[in-house]
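Here the structure comes first, spelled out in structure tokens, and everything after it is commentary.
Bear in mind that the values in this text are calculations on the coordinates, not laboratory data. Bear in mind that the values here come from a model prediction, so they are computed numbers and not experimental data. Counting neighbours? That spans all protein chains shown, and the Cβs are built from the backbone with ideal geometry, glycine included.
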Amino acid sequence: MTLLLGIDIGTTATKAILLDPARGLVAEGERPMALHTEQPGWAEEEVGDWWANVVSLSRELAAGLEITAIGVSGMVPTVILQDADGLPIRRSIQQNDARTGVEIQELRARLAGARVLERTGSAITQQSVAPTLVWLQRHEAEAWARTRTIGGSYDTIVRMLTGERSIEANWALESGLFDLETKDWALDILHAAGVNPDLLPAVRRPDEVVGALTNAAAAETGLRPGTPVVAGSADHVSSAFAAGLVREGDLLVKLGGAGDILLTTATPVIEERLYLDYHLVPGLYLPNGCMATSGSFIRWFQATIAAGTPLELLDAEAAAVEPGAGGVVALPYMLGEKTPIHDPDARGAFVGLTLATERGHLFRAVLEGIAFGFRHHLDVFAELGHVPRRIRVTNGGARSRLWTQVTADVIGLPLETLRSHPGSALGAAFVAGMGVGAFTSWSEIERFVEVGETIEPHGHDGYERAYQTFRALYPALKEVVH
């Protein structure tokens with residue numbers, strides 16, 4: 001029997017599944033993770049906690065079983081400094097970290113005229129790895145001096161499993177350090193950031209077998225030594241694939257801790273307001289956007305403004321409020337913002353408060369503000385000539401009928417929900433199967449995707465005024481906030 005272990009290193013949880021190519025999903029589990037935000041704009045996690053979760057989940061789901069292959073997905077582009085033994089030197093710096101405003105400006109000036117966007121597919125932004133590496137050299141010289149490898153979330157776990165250095169193609173592409181034209185690290189960008197190229201491993205395909213499970217890792221996880229481990233995948237790419245995005249025009253809205261929106265295209269889309277990824281299906285691309293806070297904005301509201309009130313009650317209060325939230329508009333820029341404005345110094349705001357404003361208005365404004373952010377991205381896609389033919393919605397927020405309905409209403413397009421969607425871990429397991437020949441075609445993923453209810457939009461025009469206000473607020477507040 002073939003069994004594939006898929007592991008996803010997520011912001012709020014580590015998840016794992018067992019996939020049987022013949023029977024489908026046979027087991028799944030997850031462990032929580034804590035995000036550390038000890039200074040404004042900072043976002044870090046303990047790599048040791050990721051590993052502890054991987055060990056625990058492996059023992060829970062697969063200990064004693066003959067696992068055929070292992071795939072790992074994870075947040076991208078997180079930055080982990082590894083020492084000579086491959087061990088993490090400090091916490092990870094997360095993909096939504098916003099500490100590098102000064103370094104971003106310095107590198108933009110230093111690399112003026114270097115065609116960074118055209119060559120790498122990404123402008124120098126909060127998402128870029130180079131500013132983070134400059135910050136580390138400047139503020140944590142001792143940690144930097146010990147660094148022998150720079151890796152991402154899933155690359156680091158793959159090394160802890162196999163002992164082998166690797167960087168998967170989409171970490172490379174999203175890092176802003178990889179040249180699409182030469183298909184290699186951009187030496188001039190590394191030089192501008194003061195980074196020795198030897199710190200970066202060779203780039204691997206997602207389904208490329210990096211190595212085999214070491215005896216030490218096998219002893220910890222309870223898995224069989226020698227089990228093949230593939231390079232893995234960026235979590236949002238893996239999730240989009242696992243949601244059945246396999247043809248041009250397929251689009252995914254992810255209502256997670258961050259807000260991702262990904263569109264399948266047949267050609268690379270080079271645009272400074274977006275990111276660019278390789279699709280798992282060879283020859284396709286995933287231009288995409290990421291809002292730094294989505295579900296995390298909701299959790300902040302629940303914990304602070306609502307003092308822990310259950311989300312079901314908050315949904316009910318917001319559902320009783322008319323679209324437009326009584327004139328209240330929320331900006332969801334609680335960790336700065338990534339796409340499409342690329343401003344780590346942006347901040348969240350509620351505008352339009354009156355003495356008649358109640359908690360339901362505020363919570364509805366939060367949901368609408370996140371939906372307005374997704375619509376902003378769709379406007380960018382439309383400007384570039386890309387209109388989705390089919391939209392699916394996933395992640396924890398898809399369980400909220402109100403949030404999905406508000407999103408459908410704001411963008412004015414139907415959203416297909418998925419039943420029992422295991423997300424990125426499914427994509428990771430499938431990639432592992434492709435690496436060892438358990439699958440022969442990427443299209444086989446559709447056997448494991450079950451489409452649920454379609455949320456039809458209602459009252460799209462009723463949001464137009466509020467959306468125009470949303471679009472006007474950031475430019476109006478920018479200088480004051482800065």
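So here's what we get for this one:
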item: Long pairs among Lys254/Lys338; Lys183/Lys478; Lys15/Lys183, criterion Cα-Cα beyond 26 Å; result: Lys183/Lys478; Lys15/Lys183
item: Segment 40-86: Rg to Rh, with Rh as the Kirkwood radius over Cα pairs; result: 1.05
item: For segment 40-169, alpha-carbon Rg over 2.2 N^0.38 Å; result: 1.19
item: Ratio of Rg to Rh over segment 307-414 (Cα coordinates, Kirkwood Rh, two decimals); result: 0.98
item: Separation in nanometres of the label points that stand 7 Å from Cα toward Cβ, at Asp188 and Leu117; result: 1.7 nm
item: Global size of the chain as Cα Rg and Dmax, reported in angstrom; result: 21.5, 65
item: Trypsin sites (Lys or Arg not before Pro) within segment 172-279, DSSP loop, no more than 10 other Cβ atoms inside 10 Å; result: Lys183
item: At 1.002 mPa s and 20 °C, Stokes diffusion of segment 4-236 via Kirkwood alpha-carbon radius, µm² per second; result: 119 µm²/s
item: Distance between modelled label sites at Asp85 and Glu181, nm, 7 Å Cα→Cβ extension; result: 4.3 nm
item: P(r) tail fraction, segment 104-244 - alpha-carbon pairs more than 18 Å apart, %; result: 60 percent
item: Sorted largest first, extent of segment 400-476 alpha carbons per principal axis (Å); result: 53, 30, 19
item: Computed magnitude of the charge dipole of the chain (debye, nearest 20; Cβ of K, R +1, Cβ of D, E -1); result: 60 debye
item: Stretchable slack from Glu450 to Glu272, in nm (0.36 nm times residue separation minus alpha-carbon distance); result: 60.6 nm
item: Separation of alpha-carbon centers, segment 263-327 and segment 110-164, rounded to whole Å; result: 25 Å
item: Computed over segment 267-362, Cα set: Rg, Dmax in Å; result: 17.4, 56
item: Extended-chain gain in nm, criterion 0.36 nm per residue less alpha-carbon gap, Arg299 and Leu313; result: 3.7 nm
item: Extension gain from Glu38 to Ala202, taking 0.36 nm per residue of separation minus the Cα-Cα distance; result: 55.7 nm
